[in-house]
Structures are given as C-alpha cells and as structure tokens.
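In what follows, a structure is listed as structure tokens, so that the remarks can point back to it.
The values are calculated or read from the model by the stated rules, or taken from the named source; none is laboratory data. A quick note: this is a predicted structure, and the numbers were derived from the prediction, not measured. Cβ atoms come from the backbone with ideal geometry, glycine included; neighbour counts cover every protein chain shown. To get the accessible areas, we keep the full protein, side chains included, count just its heavy atoms, and leave off ligands, DNA and RNA. Shrake-Rupley method; radii C 1.70, N 1.55, O 1.52, S 1.80 Å.
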Amino acid sequence: MPGLPDLPGVSYVMPVLNEEAYLEPAVRTILAQDYAGEKEIVLALGPSRDRSDEIAARLAEEDPRVRLVGNPARDIPAGLNAAISASRHPVIVRVDAHSELTPDYTRLGVAALRRTGAANVGGIMRAAGRGAVQRAIARGYNSPYGLGGGAYHGDGVAGPAESAYLGIFRREAIASVGGYDPGILRGEDWELNLRIRRSGREVWFEPALGVTYWPRASLADLARQFFATGTWRAVLVRRYRGANPWRFFVPGALVLGLATSAVGLVLLLTGVLPWVSAWPLLLAPAAAYLLGVGFAAIRIPEQRGLGDRLLTAAALVTMHLSWGAGFLRGIVFGGGRVVDRSRI
C-alpha cells in the first residue's frame with residue numbers, strides 16, 4: 001500500500017441502534033480528539049425505538065463534521081458498510097456507541113499505521129461500569145477468567161495480532177477485501193481482520209491506544225448479547241474451521257460438560273446409577289467449574305466485599321454459559337436470524 005501523508009484525513013464510522021444513553025458521550029470523545037488532521041463522523045442510523053435519531057440529528061446540526069446515513073437493515077456490518085461508503089478520508093476508524101476514545105487515540109493510531117505499514121491498528125479495551133451489576137460485568141470483560149485470550153483485553157506487547165478491537169484501518173485495505181460481510185451478524189470484526197491477514201496485510205496491536213467500553217448493564221441483556229456472540233462464533237468456525245483459535249471451543253465444551261453433570265445427577269438421585277461407582281466421573285465437570293468460578297471471583301481485582309464477588313461470579317457464569325449455549329446452537333443450526341436482542 002502507498003505511504004500515508006503526515007496528517008491523513010480520518011473518517012469515524014459508527015452503527016447506531018437504540019443508543020440514547022451512550023451516543024452523545026461517544027460522539028463527544030471523537031470530536032475532542034487531539035488529532036490535527038481533517039475529521040468526519042458518519043453515523044449509520046438503524047430503526048431505533050428510542051431518542052437515538054433525535055440525538056444524532058442534533059449533533060449533526062451542531063457540528064458539520066457529523067454526518068448521518070440510514071441503515072434500514074439494522075445489522076452492524078450493513079451499517080458499517082453504509083457509513084464507509086458515505087465517508088471520504090483515507091483512514092477509517094471504526095467506533096461504537098458504547099465506546100469512548102482517549103483524547104490521543106487517533107493521533108497515536110495514525111502514527112502506528114504510518115510506522116508499521118499495517119492495514120489495521122487496534123488497542124486495549126477497558127470495560128467500565130456505573131452501577132454494581134455493570135461494574136461486575138466490566139470486571140468479567142477485563143479479566144482472562146471472563147473473555148480471555150484476546151490481547152486487547154489485557155496489557156499485551158505491541159506487535160502483529162489476530163484481530164483488533166474496533167480498529168484504525170487503511171481504507172484501501174477494507175476495500176480490497178470487499179468490506180464487512182453483511183451475512184455475519186456478530187464477530188464481524190474478527191472475520192474482516194482474518195480476510196485482511198489472508199490478503200497478505202498485517203493487523204497490529206498497539207497497547208498505547210485506549211478505549212473505554214460500557215458493557216450491558218443487566219445480566220439478562222448480557223445473556224442475550226453473549227448467546228448471539230456464541231452463535232455467530234460457531235458460524236465462523238463452520239466457515240473457517242482451523243483458522244479459529246482453540247479458546248473459542250471452550251465455552252461449548254463447558255456447557256456439554258455441565259449438561260453431562262446435570263443428567264448424571266438426575267440419574268443418581270433417581271437410583272438409575274449407583275452412587276459409589278458413578279458420581280466422581282459424572283459430577284466432576286460441575287465441581288471443577290464451580291471451584292474455578294469461585295477462584296476467579298476471589299482473584300479478580302477491584303472488588304469490595306462479598307456482594308461484589310457474588311455479582312462477579314454471576315457475570316462470569318452468564319458470560320460462559322450464554323456464549324457456550326449459543327455456540328452449540330450455531331454449530332448445529334447455523335446463525336439464522338439470531339441477533340443481539342439486548343439492543344432491540
């Protein structure tokens with residue numbers, strides 16, 4: 001790819017659906033970037049049922065750098081493609097209504113693009129919460145006991161990466177692989193980055209970049225979100241097979257193991273199986289998991305008292321089992337029209 005100028009123009013693209021509580025702060029952090037180059041924000045508006053469209057219209061009226069496009073399909077990949085098509089600058093920054101960028105995010109990200117020659121650069125996602133439940137969910141996001149694996153969930157070392165959280169892209173890299181796949185309704189970032197890497201370009205992790213992410217604020221919404229995420233991860237496993245890291249299979253295996261323990265417990269209680277010979281094998285998965293969750297709830301930092309630890313444990317269990325159940329659903333039946341119902 002040709003080299004970037006010192007201060008290339010930057011287009012921020014954001015899909016929006018029912019985000020009245022988060023949209024304005026997210027846009028304000030973009031407008032407050034200390035980057036000296038030209039900037040624009042393109043909001044792809046889905047069919048929201050709250051005040052998101054009203055807030056977006058006011059922001060666009062206040063600042064000509066904010067532009068609006070429609071996303072009648074509602075889905076995130078379609079919205080991102082619509083916003084990218086309507087944008088005009090050589091650097092594309094993918095942002096989210098639940099994300100707030102540090103002031104130096106764009107400046108450091110563009111510098112990393114120029115320095116490394118990468119097609120996409122991403123940084124660290126720091127989840128945060130306001131209430132007790134949202135803070136517990138954030139602790140799960142920030143801990144390897146919760147999501148685990150991805151460098152952008154921790155303090156990794158700068159270098160080539162499997163994927164990136166959000167991402168600061170070279171426009172030509174996105175165009176060369178055909179943009180986001182509108183048929184992938186969750187996991188679209190990982191899938192796009194896989195195609196970029198397969199095209200011979202590099203995805204780069206830059207830990208100096210920081211993003212605050214506000215997760216779902218209830219366990220019910222978290223369960224809906226993670227069920228959809230697990231379902232579409234299974235779709236990506238079916239499509240790309242060995243390209244998926246082993247950690248994506250763990251939650252599904254966990255659900256199968258716990259189901260085995262549940263069936264075994266019923267058989268033991270009803271006398272179908274003898275306690276002496278059967279119980280160690282059948283109940284081992286549930287016992288090991290409960291011990292693991294308890295250990296994690298003790299080890300995860302930034303907790304105050306028993307109440308916080310119980311909420312942390314509940315958040316971890318919700319993440320693991322919802323993701324795993326969705327994964328098994330996706331392996332057997334595919335993605336269908338499973339979407340993140342917490343956003344609707």
Using 17 Å as the cut-off for backbone N distance, which residues of the range 158-175 belong to the label zone defined by a point 7 Å from the Cα of ARG239 along Cα→Cβ? 163-164, 174-175
So if each residue of separation counts as 0.36 nm, and I subtract the Cα-Cα distance between LEU256 and VAL157, what length gain in nm does that give? 32.2 nm
Can you compute the modelled spin-label distance between LEU4 and VAL266, with each label point 7 Å from Cα toward Cβ, in nm? 5.6
Per residue value of the accessible surface for the chain (all protein chains in place, 1.4 Å probe), Å²: 43
Whole Å is fine, so just give me how far the alpha carbon centre of the range 179-258 lies from that of the range 161-178. 15
Here P(r) for the range 1-96, Cα-Cα distances in 5 Å bins, as whole percents, is 3, 14, 25, 26, 17, 9, 4, 2, 0
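Evaluated at 25 °C with a viscosity of 0.890 mPa s, what Stokes-Einstein diffusion coefficient in µm²/s does the chain have when Rh comes from the Kirkwood expression over alpha-carbon pairs? Let's see the in-between values first.
Numbers: Rh = 21.2 Å.
After rounding, the answer is 116 µm²/s.
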Under a GNM of the chain (C-alpha, springs under 10 Å), which listed residue has the highest mean-square fluctuation: ALA173, ALA111, ALA262? ALA262
List the relative contact order of the chain as a percent without decimals, with contacts defined as Cα pairs under 8 Å and 6+ residues apart. 19
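Given the alpha-carbon gyration tensor of the range 39-174, what are the semi-axes of its equivalent ellipsoid in whole angstrom, ordered largest first, with each equal to the square root of 5 times an eigenvalue?
Over the Cα atoms of the range 39-174, the ellipsoid semi-axes are 26, 22, 14 Å.
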